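The values are calculated or read from the model by the stated rules, or taken from the named source; none is laboratory data. Predicted, not measured: the structure shown is a model, and the values here were computed from it. Positions of Cβ are generated from backbone atoms using ideal geometry, with glycine treated the same way; all protein chains shown enter the neighbour counts.
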Amino acid sequence: MSVRVRYAPSPTGSPHVGNIRTALFNDLFARRHGGTNILRIEDTDRSRSVPGCEADIVESLKYVGIQWQEGYGAGGDCGPYVQSERSLAGLYDPHWNRLIESGFAYWAFDTPQELEEMRKSQTDQGLATGYFGGAWRDASEVEREKARAEGRPGVVRLRIPRDETIIVMDGVRGKIEYPSNTLDDPVLIKSDGMPTYHFAAMVDDHLMGVTHIFRGEEWLGSAPKHIVLFKSLGWDPPEMVHLPVIKGRDGSKLSKRHGDTAALDFRRQGYLGVALANFIALIGWSPGGDKEVMSINEMAEAFEIRGIQPSSGVFDLDKLMWMQGVHVRGMDTGSLLSEVKGYASNPETESYWAAHPDSGVNMRGLSYFADDSRHDLQASAVELVKERVTTLADFGKASLFVLEAPSSYEEAALVKWKAVPTTSQVVQSVAEGLTTDAGMGPSDFEGLLRSVQTSLRIEKLGPVVHPVRLALTGASTGPGLFELMAVLGSTDCRERLERFLADL
RNA sequence: GCUCCGGUGGUCUAGCGGUUAGGACGCCUCCCUUUCACGGAGGAAAUCGAGGGUUCGAAUCCCUUCCGGAGUACCA
């Protein structure tokens with residue numbers, strides 16, 4: 001039987017990295033086994049659904065490079081792939097009806113107040129809270145009929161068997177046993193007629209031929225109920241694999257209150273999708289060897305359930321940044337440039353940084369990459385600075401000098417080189433040596449600077465390189481000076497040097 | 001409270017009865033060098049949560065305990 005997995009988010013907001021990691025593992029597993037990854041939308045809670053956020057889900061998946069061959073946005077034979085539509089189409093009805101007929105489920109007519117009181121009294125007595133029978137598990141048909149006649153809204157609950165041990169075989173943790181008496185009767189169909197997650201997801205998994213369920217650990221506790229449900233329906237449950245939680249620095253489950261945790265937040269900040277994917281995959285999964293930097297395909301090749309960790313992990317931004325840098329350096333200039341251009345042209349980029357004024361991100365330098373008319377210069381700039389940036393956003397500040405002459409000079413460096421007697425002579429001589437643009441490569445500029453060094457009898461190259469760099473870029477650090485000059489060209493260099501001289 | 005899961009350097013992890021407990025990030029030192037990076041070479045950093053067993057031998061198996069986390073809805 002071929003592998004079929006699914007990523008089944010509920011559209012309650014932009015997916016955060018924990019959800020995306022789940023989606024990624026599904027994709028990786030499907031690729032590894034030549035199977036199918038299905039995207040299914042679980043919108044059975046109308047009140048919590050955020051309209052339009054399916055778009056964010058799709059965007060997030062595409063951003064990190066996750067593929068799905070079937071489901072929302074991709075079609076397939078098991079549609080529709082949106083649960084509210086499935087519910088409307090009556091796809092769940094025969095199954096819960098069958099459960100009621102066979103006695104595995106029952107109608108319950110408790111009011112919210114009654115349930116509230118029940119929980120309160122359970123808490124007061126130090127008991128487990130939940131619906132362990134209530135007034136309706138063993139009610140007679142006459143009583144139910146009466147409630148219905150009174151027009152009381154009802155729900156369908158699953159009848160969890162008593163005095164049994166429910167066994168969940170988890171792909172990561174192995175065999176987990178639950179005394180069935182600790183499990184309460186979950187609602188399958190809500191009073192508004194919609195199925196709950198418990199019911200819809202499991203029915204759909206069966207109907208869609210899902211073979212493996214990869215989901216967050218927060219589902220582990222309800223897994224035994226899902227097992228009971230499958231058994232009650234006479235179906236074989238898929239393999240279950242519960243993924244460890246990703247925590248924030250404070251040790252609690254990662255959420256909005258930890259700041260930027262949505263996958264798309266990282267895109268806005270200029271992280272490469274692959275880098276994010278690579279990084280989050282390594283929280284909770286280990287490929288075994290000591291190779292860490294991988295593409296999606298390399299990860300898929302190495303992906304094994306046995307490599308999944310049972311313990312939770314902390315999201316370490318430092319390591320993400322390192323990994324991002326490695327991926328940036330590993331890209332060829334052409335691909336990198338198109339990433340930078342895409343990033344610079346995305347309207348979200350500007351609005352994101354406008355909301356973070358202290359970030360140091362240089363939007364003007366970035367917007368230069370959105371301009372399609374200067375491709376060669378852009379490519380040179382990317383080539384020049386890619387060794388020393390981490391995020392795509394860094395390209396703005398790092399390559400600003402390629403676009404325009406410096407408007408100011410780094411204060412400390414300016415003071416330092418002003419005080420050195422040879423500085424003005426050096427800058428003067430270099431400027432005078434810049435006579436032609438024709439055929440000037442990095443080594444020609446190096447030759448020029450070295451000849452200035454010898455003719456002025458300066459011991460080291462530093463006192464000539466640094467003032468020139470300061471004049472050209474306004475900064476004391478940056479790309480190799482000779483390469484930089486070659487990109488700028490003699491004319492531009494001379495103008496900047498002369499201007500520096502005038503300011504000196 | 002109840003149920004379940006987890007616990008190897010600060011962080012991510014390798015390890016499945018015998019290793020000087022390995023790697024990566026971060027940190028420090030040095031080298032390279034026109035700066036900053038990159039790259040390279042080293043270093044500090046884990047008595048494997050703790051306590052008991054089992055065993056010639058335990059991070060690895062068993063028990064207890066502590067701590068952490070998740071769930072505990074007509075939310076997913």
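Of the numbered conditions (1) touching a residue at least 24 places away in the same chain (Cβ under 8 Å); (2) over 17 Å from A:Gly18 (Cα atoms); (3) part of a loop (DSSP other than H, G, I, E, B), A:Tyr343 satisfies every one except a single condition; which is it?
(3)
Looking only at the stretch A:72-114, which residues are within 28 Å of A:Glu145 (Cα to Cα), surrounded by 15 or more Cβ atoms within 10 Å (Cβ to Cβ) and aliphatic (A, V, I, L, M)?
A:Leu91, A:Leu99, A:Ile100, A:Ala105, A:Ala108 - these are the residues of the stretch A:72-114 that are within 28 Å of A:Glu145 (Cα to Cα), surrounded by 15 or more Cβ atoms within 10 Å (Cβ to Cβ) and aliphatic (A, V, I, L, M).
Can you run down the residue pairs with Cβ atoms below 7 Å, 6 or more apart or on separate chains, where the first is in the stretch A:165-182 and of a type in the set (Asp, Glu) and the partner is near RNA strand B (Cβ under 7 Å from one of its atoms) and part of a strand (DSSP E or B)?
Between residues of the stretch A:165-182 that are of a type in the set (Asp, Glu) and residues that are near RNA strand B (Cβ under 7 Å from one of its atoms) and part of a strand (DSSP E or B), the close pairs are A:Asp170/A:Ile176.
What residue, among those in the stretch A:211-240 that are over 24 Å from A:Ser2 (Cβ atoms) and free of Cβ contacts under 8 Å to residues at least 12 places away in the same chain, is nearest to RNA strand B (Cβ to nearest atom)?
Per the stated criteria, the residue is A:Gly221.
Among the candidates A:Val464, A:Val426, single out the residue that is assigned to a helix (DSSP H, G or I), within 16 Å of RNA strand B (Cβ to nearest atom) and either basic (Lys, Arg) or within 48 Å of the chain's Cα centre (by Cα) (or both).
Sole residue among the options that is assigned to a helix (DSSP H, G or I), within 16 Å of RNA strand B (Cβ to nearest atom) and either basic (Lys, Arg) or within 48 Å of the chain's Cα centre (by Cα) (or both): A:Val464.
Which numbered condition trips up A:Asp204, out of (1) more than 8 Å from RNA strand B (Cβ to nearest atom); (2) of a type in the set (D, E, K, R); (3) outside the structural domain of A:Ser102 (by TED's automatic domain parsing)?
Evaluating A:Asp204 over (1) more than 8 Å from RNA strand B (Cβ to nearest atom); (2) of a type in the set (D, E, K, R); (3) outside the structural domain of A:Ser102 (by TED's automatic domain parsing) leaves (3) as the failure.
Taking A:Leu264 as meeting all but one of (1) closer than 19 Å to A:Pro244 by Cα; (2) of a type in the set (A, V, I, L, M); (3) more than 8 Å from RNA strand B (Cβ to nearest atom); (4) in contact (Cβ under 8 Å) with a residue 60 or more places away in the chain, write down the number of the exception.
Here A:Leu264 meets the rest and fails (1).
On the given criteria, is A:Ser102 outside the structural domain of A:Trp235 (by TED's automatic domain parsing) and among the polar types (S, T, N, Q)?
No, not satisfied.
Among residues belonging to the stretch A:1-54 that are of a type in the set (Ser, Thr, Tyr) and in a strand (DSSP E or B), point out the one that is nearest to A:Gly76 (Cα to Cα).
Of the stretch A:1-54, the ones of a type in the set (Ser, Thr, Tyr) are A:2, A:7, A:10, A:12, A:14, A:22, A:36, A:44, A:47, A:49.
Next, only the ones that are in a strand (DSSP E or B) stay: A:7, A:36.
On the way: A:Tyr7: 15, A:Thr36: 11 Å.
Per the stated criteria, the residue is A:Thr36.
Tally the residues that are surrounded by 14 or more Cβ atoms within 10 Å (Cβ to Cβ) and in contact with a Lys or Arg (Cβ under 8 Å, 6 or more places away or on another chain), restricting the search to the stretch A:347-360.
2
Looking at the stretch A:1-47 only, could you name the residues that are without any contact (Cβ under 8 Å) to a residue 60 or more places away in the chain, more than 14 Å from RNA strand B (Cβ to nearest atom) and closer than 18 Å to A:Leu243 by Cα?
Result: A:Ala30, A:Asn37.
Give the residues of the stretch A:102-123 that are more than 10 Å from RNA strand B (Cβ to nearest atom) and either among the charged types (D, E, K, R) or in contact with a Phe, Trp or Tyr (Cβ under 9 Å, 6 or more places away or on another chain) (or both), sorted by residue number.
Of everything in the stretch A:102-123, those that are more than 10 Å from RNA strand B (Cβ to nearest atom) and either among the charged types (D, E, K, R) or in contact with a Phe, Trp or Tyr (Cβ under 9 Å, 6 or more places away or on another chain) (or both) turn out to be A:Ala105, A:Tyr106, A:Trp107, A:Glu117, A:Lys120.
Looking at (1) of a type in the set (A, V, I, L, M); (2) modelled with pLDDT under 95; (3) more than 16 Å from RNA strand B (Cβ to nearest atom), which one does A:Ala128 not meet, given that it meets all the others?
(3)
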